[in-house]
1. Run the numbers on the chain and let me know its relative contact order in percent, using alpha-carbon pairs under 8 Å that are six or more apart.
2. Please list the non-local residues whose amide H lies under 5 Å from the amide H of Val18, H modeled 1.01 Å from N, same-chain partners needing a gap of 5 or more.
3. Please state the shape class of segment 32-125: rounded when a/c is under 1.5, otherwise prolate if a/b exceeds b/c and oblate if not, all from the C-alpha gyration tensor.
4. Separation of segment 30-55 and segment 79-144 by C-alpha centroid, Å?
5. Test of the criteria: in segment 81-159, which GluC sites (Glu not before Pro) are in a DSSP loop and have at most 14 other Cβ atoms within 10 angstrom of their Cβ?
Amino acid sequence: MELTPDELAGVVDVVGPVTREELVQACGELAFKRGADVDSGSFEAGIEAALSTYHLVAVEDHGAAVDASLVVVGPAAFPALVDGAEDLPHILDVPDRDVPEDVAAAAAEQRFREDAAEAVRAGDDERIQALLDVSYDLEAWGPVELATARGHLDEATHAN
């Protein structure tokens, strides 16, 4: 069973901030409920894809009593509720966690700047365009200012 980035965001939206391991476990529970294959490798690949498109954001320094990064709903997401997801908070043993908006936004901004620099270095026009689109979502989602980074991305599209 594969979940779309918006469906993964929907799981996180229902459960709250989770570690990647907890999100994989949640996906496994949903697959089990549907009688589908439980393939953690597929879930991990889907999570990585959702992170790369900013449907999910990984937050390293979140202040929660857990050593792993937490995953939160990202700026590009339109969380979709998957059948059975409403039961996940009762099935999973995930504590209530709070990731402040400014902390999540800072993590997303840092990732964005790294992704933008890599896309420009690689001359990856498709990725640059995707990041230009995400930059507007990210500014609307959290307290970040990406005009300068957007200008560099825009210049790179005209240079290639």
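1. Value for the chain: 25 percent.
2. Residues meeting the amide H criterion: Val71.
3. Verdict is oblate for segment 32-125.
4. Comparing the Cα centres of segment 30-55 and segment 79-144, I get a distance of 16 Å.
5. Within segment 81-159, the qualifying GluC sites (Glu not before Pro) (loop, at most 14 other Cβ atoms within 10 Å) are Glu145.
Just so you know, all these numbers are worked out from the coordinates, no wet-lab data involved. Only a predicted model underlies this, so the values are computations on that prediction, with no experimental measurement involved. Here Cβ is always computed from backbone atoms with ideal geometry, including for glycine, and neighbour counts include all displayed protein chains.
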